[in-house]
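Since every read-out is calculated from the coordinates, none of them should be taken as a lab result. Just so we're clear, the structure is a prediction, and the values are computed from it rather than from any experiment. Because the Cβ atoms are built from the backbone with ideal geometry, glycine has one as well, and the counts that use them run over all protein chains shown.
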Amino acid sequence: MRPRDLVITGFAAVSAGGVLRNLDATPDAPPLQVISRWPTPGPRRAFVVAPVQPADIVPGLRTRRMDRLSAWAMLASALAVQDAGIDPASADGDRHAVVFGTALGCLDLAAEFFGTFRSVPWTADPILFPETLGNQPGSHVAKHFGFRGPNLTVAAGNVSGEAALCQAAGFLRTGQADCAVVLAGDTLIQSLFEWYEASGRLHPSCLGLGEADPVPAAAAESLVPGEGMAACILETAESAARRGARVRASYLDGWFGPGTSAMGGAEPAAAMPDAVARLLEAVPPGTAVTAAVAGGAGWFEGAPGRRLGRLNPIDFGVFGGMGLLNLGAAITRAPSAGSVVLAGTVEPEGQAGALLVRTGDTAR
Amino acid sequence: MPRPVEIAITGLGAVTPYGVGWEALLDGLTRGENAITPLSVFENPLAVHPVVGQVTQPLNVDSDTGLYLSRTDRLAILAARQAVAMAAIGADDRAACPVVLGSTVAGLTDLVPEVVHDPAAYYRRTGTRPASSYPVGHVAACVAADLGCGGPRIGVNVACSSGALALAAAANMIAEGRATVALAGGSDALCAVTLAGFASLQALDSQPCRPFSRSRSGLNVGEGAAAVVLEEWTHARARGAVILGRLAGWASSNDALHPTAPDDQGRGLARAMRLSLEMAGVAPAAIGYVNAHGTGTPLNDVAEMRGYERVFAGRPGPVPVSSTKSYIGHTLGAAGAIEAVITLLGLRHGLLFPTLRLAEPEESPLVEFLAGAPRPTSMRAAMSVSAGFGGTNASLVFTRADAEDES
């Protein structure tokens, strides 16, 4: 099988830092926000997304009755498709895939649906039920654009973005599609925030009574919950060249997993070094590599014998799309065109993920 | 699209309403036993009284993962253990083995509405462990931890195609050279929330379902799990593994039409089937059996029939099709994986399993809806088809281990 070179030609996000339309500007580091979407016993903070009406930004987007996750997926994918210069009307929909990564799926409406059951017998809303399903964001995107190729939703905790990009690369490299909208994201709801709180996992800044403490860019022992959605367009170099698309980055490789101990078996502490070592096999010795690792600075190590430049990640909080968002932010802040950038995500108790790209080495 | 890699099946595992193990499944199917019965595994909070496919024996899982194990997790672990034991994969292969498992409800089975009414009070009462099993990815994490699988852990959440697409995703990983051995499948336990959802859509048949019957009136929800060990062919041969069959082709598509209803002409499903046949190098005429999605809902079954008519037009005789959901119900995120196992069992044991209760089948000159008793067959290739909410379609083509390409 002839390897197919893959490139990223579009990117957008709905984040705590606002709506990112493309990679032309470095995203601002978002401030911690006081949560107001549900009653809290005192000030509670997280990286939350300000209310947004997708149709105000991309006219024609119809998101009524959708979960916020689906609405964000529609908006982020529409902006990414615009950024990539894809005309959905003339695109071959059968060759366009949609791959969505999410840790938790459509939590807003799943909670609303579950919450309707207050007494026996349970009765339910038939309009609401389908919108609670985790694959609806990816399905709405497919329907909106007429993308009839492979459509997959994967769940891999906070490395769901890496998992989605890796699966999309698989569709493209095995010839099952030529272009993929890759999405990753999650929403934050009361039950989830209070689960973090009850588990003792929240960073003190999330619970402070006064002004928010400065949040460390990464903290291994505690976390700041986040929410949002990132979207990128991953396609074959041939597909991008046919359209004359601008290449934002060449996709070199990606990996995610729990790490493997010397005795065999999973070892979370080895996860990021494992991922880095795997990816650097694709990079010739002596090549400068800049790394931005989100989710736990204490867990970051380079591969043995390789020195990596460091790029502090922008903290958007912990959620399933953080890896993809981190990748976009890292691409905009890479030292120069042609830089090799490794964007990673660590889950202290789970898997690590990393994505390796070479930034904008091809002009339009 | 050529087949990117040769994939052997070296292990099967299942937990179904017939009990633990693929042997119980094969026995139940061969005997034509209806396993759809009035709901009894939990107290029914609904106004309706559904009949379901339920696993009534205790799901004892002695596991030291340290993780909270929901009913869905326990079903998955039992199925996966059987598959891995059957494949007899060694420690080195396990250390790098990805686990890719589909589910739709995961640990929602173990939660109560209080978790959204007053979450803090709920967590004070139960602790935080039950809710830790809510993410679909938790099922794969539990199985990987239980079996010492050290590769990537992925949940697949694509409604009722989840189980089939988990196999496809794992196959892609092998095709890309990211794994030589992968464990894939699906698991879903019965869940009152899901039953309430399908009841609200008026999609439940109050009696055992009648897929492809003109008098069909809905589906029955079921529970279960299945797991399959997929392995790069030369790796399986080199270690002397018993090869149970070949995953020769896999493909997926999306209708891009509607959140719940399928394309009534079956175009998306047909595209997935054609692509999987093309990848497999198998002609439509060589397919000896299709295990259908066959839910028993009025819209699904006719759309599916039209899809078969598109793909199998021009072959010498009608294509044999059945729905094994008529035995155990619709196991949602596990269905595609359980039906893949059933298809493989049919290939290996030379049996076609008919649809139960099929007295007045839909009529099509291109489709033979199997009814009556199990039929002996010498088929060399078979297909398993899945579809789901969100317009998702999946098709898997299996061939016997000794089959050559028949394009």
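Residues B:1, B:86, B:383, B:279, ranked from the fewest to the most other C-beta atoms within 10 Å, line up as B:1, B:86, B:279, B:383. Contact order for chain B, expressed relative to its length and based on alpha carbon pairs under 8 Å spaced 6+ residues apart, stands at 23 percent.
Just to confirm my numbers, what's the Cα centroid distance between region B:221-277 and region A:57-84 in Å? Here the two parts' Cα centres lie 30 Å apart. Ordered by the count of other Cβ atoms within 10 Å of each Cβ, fewest first, B:305, A:229, B:379 give B:379, B:305, A:229. Extending 7 Å from the Cα toward the beta-carbon at both residue A:92 and residue A:222 defines two label points whose distance is 5.4 nm.
Suppose only helical runs count, i.e. DSSP H with n ≥ 4. What mean residue ellipticity at 222 nm does that imply for chain B under -39500 (n - 2.57) per run, divided by all residues and rounded to the nearest 500 deg cm²/dmol?
Per the formula, -9500 deg cm²/dmol.
Using just the helices of chain A, give the 222 nm mean residue ellipticity in deg cm²/dmol: DSSP H runs with n ≥ 4 each add -39,500 (n - 2.57), and the total is spread over all residues, rounded to 500. Calculated from helices alone, the mean residue ellipticity at 222 nm is -7500 deg cm²/dmol. What the phi angles of region B:290-298 give under the Karplus curve with 6.51, -1.76 and 1.60, with θ = phi - 60°, is a coupling list of 10, 7, 7, 5, x, 6, x, 7, x Hz, glycine and proline written as x. Pop the C-beta distance of residue B:377 and residue B:59 into the FRET formula with R0 = 22 Å and round what comes out to the nearest 0.05. Calculated value: 0.05.
Taking other Cβ atoms within 10 Å as a rough exposure proxy, A:347, A:267, B:304 sort from fewest to most as A:267, A:347, B:304. Each Cα pair under 8 Å and six or more residues apart adds its separation to the average, and for chain A the resulting relative contact order is 23 percent. A Cβ-based charge dipole, computed about the Cα centre of region B:7-238 with Lys and Arg at +1 and Asp and Glu at -1, lands at about 340 debye. Residues whose amide H lies under 5 Å from that of residue A:106, counting only those 5 or more places away or on a different chain, are A:134; hydrogens are built 1.01 Å from N in the peptide plane. For region B:7-238, the alpha carbon positions stretch 56, 50, 29 Å along the principal axes, listed from largest to smallest. With bins 20 Å wide beginning at 0, the percent of Cα pairs of chain A falling in each bin runs 31, 58, 10, 0. When you restrict to C-alpha pairs under 8 Å that are six or more residues apart and normalise by the size of region A:20-173, the relative contact order lands at 24 percent. FRET efficiency for the residue B:315 to residue B:360 pair, using the beta carbon distance and R₀ = 22 Å, is estimated at 0.35. Other protein chain C-beta atoms within 10 Å of residue C-beta, averaged over A:342-352: 1. The protection proxy used here, the mean number of other Cβ atoms lying within 10 Å of each residue, ranks peptides B:137-145, A:144-152 as follows, highest first: B:137-145, A:144-152. Between the C-alpha center of region B:357-407 and that of region A:162-180 there is a gap of 28 Å. Computed from the Cβ-Cβ distance with R0 of 56 Å, the FRET efficiency linking residue B:118 to residue B:23 stands at 0.75.
P(r) for chain B, from all Cα pairs and a bin width of 10 Å, is 5, 25, 35, 24, 8, 1, 0 %, short bins first. Placing pseudo-labels 7 Å out from each Cα toward the beta carbon at residue A:269 and residue B:49 gives an inter-label distance of 5.8 nm.
Measuring from each cysteine beta-carbon in chain B, the ones with no other cysteine beta-carbon under 4.7 angstrom are B:142, B:160, B:191, B:209. Placing pseudo-labels 7 Å out from each Cα toward the beta carbon at residue A:306 and residue B:283 gives an inter-label distance of 4.9 nm. Each part reduced to its alpha carbon centroid, region B:127-180 and region B:2-70 end up 17 Å apart.
In order along region A:54-59, the Karplus-derived 3J(HN,Hα) couplings, from 6.51 cos²θ - 1.76 cosθ + 1.60 at θ = phi - 60°, round to x, 5, 6, 9, 10, x Hz, and Gly and Pro are given as x.
Considering the protein assembly as shown, its Cα convex hull presents a mean projected area of 29.0 nm². With no solvent and one equal point scatterer per Cα, compute the Debye intensity ratio I(q)/I(0) for region A:1-91 at 0.16 Å⁻¹ and report its log10, rounded to two decimals. Values, matching the q order: -0.78.
Taking a ≥ b ≥ c as the square roots of the Cα gyration tensor eigenvalues, region B:261-407 comes out rounded, since a/c falls below 1.5.
Annotation: amide H-H contacts under 5 Å for residue B:156 (H modelled 1.01 Å from N, sequence separation of 5 or more, or interchain): A:155, B:101, B:102, B:103. Remark on residue B:288: its backbone amide H falls under 5 Å from those of B:380, B:381, B:382, a criterion applied only to residues 5 or more positions apart or on other chains, H modelled at 1.01 Å from N. Rounded to the nearest Hz, the phi-derived 3J(HN,Hα) couplings of region B:203-212 under the Karplus curve 6.51 cos²θ - 1.76 cosθ + 1.60 (θ = phi - 60°) are 9, 8, 8, 6, 10, x, 5, 10, x, 6, where x marks glycine and proline.
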